[in-house]
Amino acid sequence: MEILIYGIINSIALVLMSLGFALVYGISRVPNFAHGALYVITAFITWSLLNTLGLNYFLSIVLSLIAIGVIGALIYQFVLIRVRGMAISEIIASYAIGLAILEGLRWGGFKGLSYRLPVFIEGSVNIGDVPVDYHRLLTVVVGIALVAFIWGFTHYTKLGLALRGIAQDERAAMMLGIDSDRMALVAMAGGAMLAGLGAILLLPLGNIVVESGYNVLTMAIAVCIIGGLGSWMGAVLAAFIIGFAQILSVVYLGSHYQMVVALLAIILTLILKPSGLFGRQKELEERV
Amino acid sequence: MEQRRRERIDRGVKVRSDGLYALMSWRELSYLTVPRLVLIVGMLILPFIMPGMYWQRVISIVCIYALLALSFDFLAHYVGLVSLGGAFFIGTGGYLTAIFNTSFGFPPYLSIPIATILGGIICTLLLLPCLPLRGVYFAIVTLMYPLVLARIIEAMDILGGTDGIMGIDDFPNRWVEQYLVIAVVLLILFGLRRLVNLDLGLVFRGVKDNDQAVRASGMSITNYKALAVFIASAMGCLGGACLVHIYMWTGLSLFALDFSILPIAATVIGGAGTLVGPVLGCLILVPVSELLREFGTLRIVFYSIILVGFIVFRSEGIMVYGQRKYHQFERWTKV
């Protein structure tokens, strides 16, 4: 029972961490290695708005989500747009930006254990005989709602359909008058906001530390690769697979193995089936 | 409105010195040899002009990064395998030499070559399943290897766990240490330049440009890729082994992302695909990052920004730019 509940919670947390990465890669084919940095910086912006400016919690969350969306759009507009299509340059450029943000935060004094966001709702409830606090339940609810929202958004709105068009066949979409760069910009901003939302939901459960940026990036890559780069539903399913695998390894092997499981899963998936469990990449593009 | 364009023309001296005519006059001879001699002599006198022990140590570190950058450049631009796993090579070589040195009591001049060859073999065997992968997939899988090895060592508490292995022999004195790494870098640099112009190098470039054509010619791509990975990883392992003997310590920090990122940055800045460029990039980047050490992690911010700037605005790198200026002149002509 404990494994089941915490497995679900952990899986939803992984979904929240990786949805932004999956969205950006799925639409613009840009592996956004600055994902972890965007995740952490949102939490710091929220913290600063909340504690330095003394704004109300909800308002500071909304403001920081807008800010992170603008930051994501700026990164795309001024840097990534120039290297689009060159896979390695994309990785290096976005990773360097992420590194600059994270190490800049560390230099700016954001380190140690003194940075915490308050939880939304205090208290806990017993499900069966397992105590679960309300915040974790809220995370699960928001995570499920978010996945449903994204599904609806991409299937029933004009913008969402345009995004999917670019993801499926960029040239055909351009012939239909969809501006590919604009859509990629929107995707990047949206991906950044999703990363930020994940941070705001997940980080009240612990401290805000710079290192979590690197871990989030690794987990996001793990989830997206196992699910198949570019496949969102694959990413959600993969999050559940890794989520439960991690909880099982923590229970039966020890907490050190949590990361090992994720990393080994990436390596095995890439070796055995590089397009992931649900990816639809062409065979020839990925391996000889 | 009169339109003009810029045209580039090879310098006469370049054309003359391309063939046997290079031996005709001192001018042509020096046109060819001076740049190479500047690099070789410059590297050799570096330990003398460095003030103090600290900066001499920096020279050794530069050379180790240069080895990694060379291996990255060779793999990425001559074989078409973009490996982000510099730390994987460094870590394998470092741990192997540490084991041979402390457990079996081999002196450095034995343990380093053994770690190089054995490390190359181990890295190649571990990477063998990923060799069919292309582009981003190979890059990500190699990025994951050092992380997973570090976590496994940490989780299983083997090979000294988080403390690492201490009490490794150092080199007899610092001159041996510096000239060893400098000589290794120069030898490998010129050796690789020779290698990529051999028939073997031609096949490597064929694998990069059109692997199906290589396969259609009846050659196994996997064999050639494995050979290239062996060469590159042995270079990385050599660097790691030297590093461990310099610091007399090995630990999880050998798997740090620094060893994967800085060589790539150096390659981008120095000029990709030139082999000299990465060495030059390391000669610039590592001392700069040492100078900025007092700013703490701000130096990482600095060099990330430099990296982004180079990749976005001048992706050819210093060396390609320099070569063009050296070999060609430009002028404006009417269209």
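Normalised by the empirical 2.2 N^0.38 Å for globular proteins, what value does the Cα Rg of the protein assembly as shown take?
1.02
For the range A:1-104, the mean projected area of the C-alpha convex hull, equal to one quarter of the hull surface, is 8.4 nm². Against chain B, whose longest principal axis comes from its Cα atoms, helix B:26-49 is set at around 30 degrees.
Considering only alpha-carbon pairs that sit under 8 angstrom and 6 or more positions apart, the relative contact order computed for chain B is 32 percent. Could you quote the convex hull projected area for the range B:240-335, Cα atoms only and averaged over all directions, in nm²? Dividing the Cα hull surface by four gives the mean projection, 8.6 nm². For the range A:171-250, the mean projected area of the C-alpha convex hull, equal to one quarter of the hull surface, is 6.8 nm². Couplings for the range A:176-193, taken from phi via the Karplus curve 6.51 cos²θ - 1.76 cosθ + 1.60 with θ = phi - 60°, read 8, x, 8, 7, 5, 5, 5, 5, 5, 4, 4, 4, 5, 4, x, x, 5, 5 Hz in order; Gly and Pro are left as x. What the Cα convex hull of the range B:1-89 gives, in volume per residue, is 247 Å³. One Cα centroid belongs to the range B:64-92, the other to the range A:55-103; the line between them spans 28 Å. For chain B, the longest principal axis of the Cα atoms and the long axis of helix B:52-74 meet at an angle of about 70 degrees.
A Förster distance of 35 Å, applied to the separation of the beta-carbon atoms of B:Y109 and A:Y252, puts the FRET efficiency at 0.15.
Helix-only arithmetic for chain A: the sum of -39500 (n - 2.57) across DSSP H runs with n ≥ 4, divided by the residue total, places the mean residue ellipticity at 222 nm at -24000 deg cm²/dmol. Over all distinct Cα-Cα pairs of chain B, the Kirkwood formula returns a hydrodynamic radius of 21.3 Å.
Legend: mean number of C-beta atoms from other chains within 10 angstrom of residue C-beta atoms, peptide A:262-269, equals 5. In chain B, the longest principal axis of the Cα atoms and the axis of helix B:135-156 are about 20 degrees apart. Put simply, the range A:2-286 fits an ellipsoid with semi-axes of 29, 24, 19 Å; these come from the alpha carbon gyration tensor as the roots of five times its eigenvalues, largest first. Mean-square fluctuations from a GNM of chain A, with a 10 angstrom spring cutoff on Cα atoms, peak among A:A67, A:A148, A:A238 at A:A148.
Between A:I241 and B:L32, the FRET efficiency estimated from the beta carbon spacing at R0 = 51 angstrom works out to 0.30. Adding -39500 (n - 2.57) for every DSSP H run of four residues or longer, then dividing by how many residues chain B holds, sets the calculated 222 nm ellipticity at -23500 deg cm²/dmol.
For the residues B:V288, B:V244, B:V58, a GNM of chain B with alpha-carbon springs under 10 Å puts the largest fluctuation on B:V288. Taking all C-alpha pairs of the range B:282-327, those more than 14 Å from each other amount to 59 percent.
Taken together, the values in this text are just the output of simple stated rules run on the coordinates, not laboratory data. Bear in mind that the values here come from a model prediction, so they are computed numbers and not experimental data. Note: ideal-geometry Cβ built from the backbone for every residue, glycine included; neighbour counts use all protein chains shown.
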